[in-house]
1. Does any residue of the stretch 32-52 turn out to be part of a helix (DSSP H, G or I), touching a residue at least 12 places away in the same chain (Cβ under 8 Å) and surrounded by 14 or more Cβ atoms within 10 Å (Cβ to Cβ)?
2. Only one of (1) under 19 Å from Leu12 (Cβ atoms); (2) in contact with a Lys or Arg (Cβ under 9 Å, 6 or more places away or on another chain); (3) at pLDDT below 95 fails for Val38. Which number is that?
3. I'd like to check something: does the stretch 13-24 contain any residue that is at pLDDT 95 or above and touching a Ser or Thr at 6+ places or on another chain (Cβ under 8 Å)?
4. For the stretch 77-84, check the following and say yes or no: at least one residue is farther than 21 Å from Arg138 by Cβ, of a type in the set (D, E, K, R) and open to solvent by 90 Å² or more (accessible area, probe 1.4 Å).
5. Given the structure, is Val11 closer than 24 Å to Asp98 by Cβ and in a loop (DSSP other than H, G, I, E, B)?
6. Could you list, in sequence order, all residues of the stretch 93-103 that are farther than 16 Å from Phe63 by Cα and at pLDDT below 95?
7. Quick check on my filter: what residues within the stretch 113-126 are surrounded by 18 or more Cβ atoms within 10 Å (Cβ to Cβ) and farther than 12 Å from Trp89 by Cα?
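The values are calculated or read from the model by the stated rules, or taken from the named source; none is laboratory data. This is a predicted model, so every value here is computed, not measured. Backbone-built Cβ (ideal geometry, glycine too); neighbour counts: all protein chains shown. To get the accessible areas, we keep the full protein, side chains included, count just its heavy atoms, and leave off ligands, DNA and RNA. Shrake-Rupley method; radii C 1.70, N 1.55, O 1.52, S 1.80 Å.
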Amino acid sequence: MAYGPDWRTLVLQDRGVWEPKNSKIFKNTVKILKKHKVPSSEVFFARQSPKTGIKPHTDNTNFTLTAHLSLRVPKDKSWIKVGNQQRFWEDGKMLIFDTSFMHETWNDGDTDRHVLLIRFWHPELSRKEIKALETIFRAIEEYEMKVAY
């Protein structure tokens, strides 16, 4: 899914693997997530420029949930709509949602919107299902690495 030229990310974790360079730069963030045993599969910082949006889309998967911790957002100007519910981000607060539902964003502010995005396993998955998904992700990553070289 292409989110557009005004959407930028800095990855800390992808498919359960911590990115060494960025994790070192943001060591306190990683330390807090690990200390509290956040069951993350993906973690990244996301920035959305002013007067931009992400069109309605779905991730077509329901085995993860997504959390947005608002770090710096234009007050009452930046929102996400999931299904038919729209919520404004608020600095220091978290929104958790299921990206299998249609969702979209808009930043109507004059400043960037910054969130820490955390994807984690759906709490109704069994340990066996999580292990199976992790195996699939590893196989995809290994294949992608072979094809890239």
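1. If we filter the stretch 32-52 for residues that are part of a helix (DSSP H, G or I), which is where we start, we get 32-35.
Those still in the list that are touching a residue at least 12 places away in the same chain (Cβ under 8 Å) too: 33.
Filter once more, keeping what is surrounded by 14 or more Cβ atoms within 10 Å (Cβ to Cβ): 33.
Within the stretch 32-52 (the criterion being part of a helix (DSSP H, G or I), touching a residue at least 12 places away in the same chain (Cβ under 8 Å) and surrounded by 14 or more Cβ atoms within 10 Å (Cβ to Cβ)), the answer is yes, since at least one residue qualifies.
2. It fails just one condition, (2).
3. yes
4. Our first condition is that a residue be farther than 21 Å from Arg138 by Cβ; within the stretch 77-84, this holds for 77-84.
Pick out the ones that are also of a type in the set (D, E, K, R) and you get 77, 81.
After this cut, where a residue has to be open to solvent by 90 Å² or more (accessible area, probe 1.4 Å) as well, the list is 77.
Looking for residues that are farther than 21 Å from Arg138 by Cβ, of a type in the set (D, E, K, R) and open to solvent by 90 Å² or more (accessible area, probe 1.4 Å), one finds at least one in the stretch 77-84, hence yes.
5. On the way: closer than 24 Å to Asp98 by Cβ: yes; in a loop (DSSP other than H, G, I, E, B): no.
So Val11 fails the test.
6. So the first thing to find is which residues in the stretch 93-103 are farther than 16 Å from Phe63 by Cα, and the list is 93-95, 103.
Residues satisfying the conditions do not exist here.
7. First, the residues of the stretch 113-126 that are surrounded by 18 or more Cβ atoms within 10 Å (Cβ to Cβ): 113-116, 118-119, 121.
Listed by number, the residues that qualify are Ile118, Arg119, Trp121.
Listed here are the residues, each with its yes/no results for (1) of a type in the set (A, V, I, L, M, F, W, C); (2) more than 21 Å from Ser40 (Cα to Cα).
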{"position": "Phe97", "(1), (2)": "yes, no"}
{"position": "Asp112", "(1), (2)": "no, yes"}
{"position": "Phe120", "(1), (2)": "yes, no"}
{"position": "Ser126", "(1), (2)": "no, no"}
